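The values are calculated or read from the model by the stated rules, or taken from the named source; none is laboratory data. Treat the numbers as computed from the prediction; the structure is a model and nothing was measured. Because the Cβ atoms are built from the backbone with ideal geometry, glycine has one as well, and the counts that use them run over all protein chains shown.
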C-alpha cells in the first residue's frame with residue numbers, strides 16, 4: 001500500500017520538519033510492513049519532487065491542516081481530486097481538532113483525524129485494507145455517501161510517549177532544514193484562556209524520559225550532521241527534575257550542542273539555570289502576555305509579574321538569553337494596560353521582545369469571552385492570519401481604534417510584526433550558519449550562530465517591525 005503525507009506551508013517563514021507527520025509515518029510503518037510512505041513538504045520541495053509526488057498512484061493521502069495555510073490546503077486538495085479521483089484523502093492536524101466537523105465545509109475529504117493521530121491513522125490504513133470496521137476507529141471523522149458526517153468517539157491518548165518510534169526522519173530532506181526540532185513532551189497542565197492546547201491535548205501533559213530524548217539527539221547528530229536544536233514543547237520545564245536529569249546526561253556524555261526551548265519562567269532556580277547553560281541552552285522563550293497582574297490572573301497564567309521578573313533575572317545571571325512574548329487583547333486588556341506592558345518590556349532585561357494581537361480559537365475561554373463581551377469582525381479562524389491589521393474583534397473597554405494605537409506603539413518600539421511570511425534573506429542566513437556548524441570547530445560555529453541571530457534581531461527584524 002502507498003500513502004502520501006503533505007505538509008502545506010510553502011509561504012511560511014520557518015523551514016522545519018513536521019514532527020507530527022514524522023511520528024505518523026514511523027508509527028504506521030511499525031504496524032504495516034507493506035506500507036510505502038512519501039512525505040511532501042511544500043516549503044522545501046523542488047518543482048520536480050512536487051510533480052513526481054502528484055504523479056505517484058497513492059492509495060491514501062494525508063494532509064496536515066494549520067489555520068494559517070488553510071488556503072494552500074484547499075488548493076492541494078482540489079489538485080489531488082483533479083488528478084487522483086480514486087485516491088482517498090484524510091485531513092488531520094491541530095486545525096481539524098479545533099473546528100472538528102466544520103473541516104468538511106472546506107473540502108470534501110473522505111476522512112479527518114482529530115486528537116492524537118498516530119494510532120487512528122494506522123487503523124484507517126487497516127480499514128482501507130479491509131481489516132477493520134470504520135466505526136471501530138476512535139478519533140476518526142468520515143462522510144457517508146449521503147453526505148452525513150460521522151464522528152467516532154475520541155481516542156484515548158498514548159500513555160507512554162517513550163514507546164513511540166522516533167519520527168521518520170529518513171522521509172524528509174534533512175539537509176534542507178536549518179535546525180533540529182524535537183518534541184520532548186505533549187500538552188500542558190495549565191489553562192491559559194487564549195491557548196487551544198487544552199482542547200487539542202485535553203489539558204494533559206505527558207513527558208518523554210531524558211534517556212529517550214538524548215538518544216534522539218545522538219541519532220540526529222550521527223545521521224544528519226550538527227545543527228542547533230529546538231525543543232518544540234509547550235513548556236520544557238514543567239518537571240524540573242526531568243530537566244536536571246536531561247542536563248546531567250548531556251554534560252556526562254559530553255554532547256556539545258546548542259539548544260533553545262519554551263519554559264514556564266517561574267519553574268527555575270539558579271542551580272538548574274546554570275546547569276542548563278552548561279548543557280548547551282542558549283535561549284529560553286517565555287509567554288509573559290501582560291505586565292498587569294489583574295490580567296495575568298484573569299487569563300489563568302497562575303503567575304505574577306514579580307515572579308516573571310525574578311525568573312528572567314535567574315536565566316540572565318546564568319548567561320541564557322530570554323525571549324519575552326506579549327499579547328494585545330486579553331480579557332481585561334485596555335490601551336492603558338498595553339502601555340504598561342510596553343513600559344515593562346522596555347525596562348526589562350529581556351533580550352528579545354515580541355508583541356502579537358491575540359487571535360481567539362474555538363474551544364478556548366478567550367473565544368467565549370469575545371462571544372459574551374465583544375464583537376467579532378470575523379469568526380472564520382483561518383482568515384485571521386490574512387487580516388491586516390491583525391484585529392479580529394474588539395470590546396467596549398478596548399475599541400478597534402485603541403487597538404490600532406496599541407499596535408502602532410508596539411510597532412514603533414520595534415516589537416510588533418503580524419507577518420510570518422517566507423523571507424529569502426532569513427533563509428540564506430540560516431543556511432549559511434548551518435553550513436558553518438558542520439565545517440567549523442564547535443566553539444567558532446556556535447559563536448557565529450549566536451552572533452548572526454543577534455544581528456538579525458537587532459538590525460533586520462526590529463527595522464522591519466518599525467517600517468511596517
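Limited to region 33-61, what total is found for residues that are under 26 Å from residue 161 (Cβ atoms), buried (at least 17 other Cβ atoms within 10 Å of the Cβ) and over 19 Å from the mean Cα position of the chain (by Cα)?
Selection size over region 33-61: 4.
Go through region 381-401 and count every residue that is out of contact with any strand residue (DSSP E or B) (no Cβ under 8 Å at 6 or more places or on another chain) and surrounded by 14 or more Cβ atoms within 10 Å (Cβ to Cβ).
Number satisfying all stated conditions: 9.
Residue pairs, Cβ under 6 Å, 6 or more apart or interchain, first in region 392-404 and closer than 9 Å to residue 335 by Cβ and not assigned by TED's automatic domain parsing to the domain that holds residue 361, second surrounded by fewer than 14 Cβ atoms within 10 Å (Cβ to Cβ) and modelled with pLDDT of 95 or more. List them.
Once the first residue is closer than 9 Å to residue 335 by Cβ and not assigned by TED's automatic domain parsing to the domain that holds residue 361 and sits in region 392-404, no partner that is surrounded by fewer than 14 Cβ atoms within 10 Å (Cβ to Cβ) and modelled with pLDDT of 95 or more comes close enough.
When the residues of region 141-171 are filtered to those that are within 23 Å of residue 110 (Cα to Cα) and outside any loop (DSSP other than H, G, I, E, B), which remaining residue is nearest to the chain's Cα centre (by Cα)?
141
Just wondering, is there one or more residues in region 232-246 that are under 21 Å from residue 206 (Cβ atoms), under 19 Å from the mean Cα position of the chain (by Cα), assigned by TED's automatic domain parsing to the domain that holds residue 331 and assigned to a strand (DSSP E or B)?
No.
Out of the residues in region 105-119 that are within 21 Å of the chain's Cα centre (by Cα) and within 18 Å of residue 149 (Cβ to Cβ), which is surrounded by the fewest Cβ atoms within 10 Å (Cβ to Cβ)?
So the residue we want is 115.
Which number in (1) touching a residue at least 60 places away in the same chain (Cβ under 8 Å); (2) out of contact with any helix residue (DSSP H, G or I) (no Cβ under 9 Å at 6 or more places or on another chain) marks the one condition that residue 370 misses?
(1)
Closer than 30 Å to residue 235 by Cα, modelled with pLDDT of 95 or more and surrounded by fewer than 14 Cβ atoms within 10 Å (Cβ to Cβ): does that describe residue 153?
Yes; evaluated as a whole, the condition is true for this residue.
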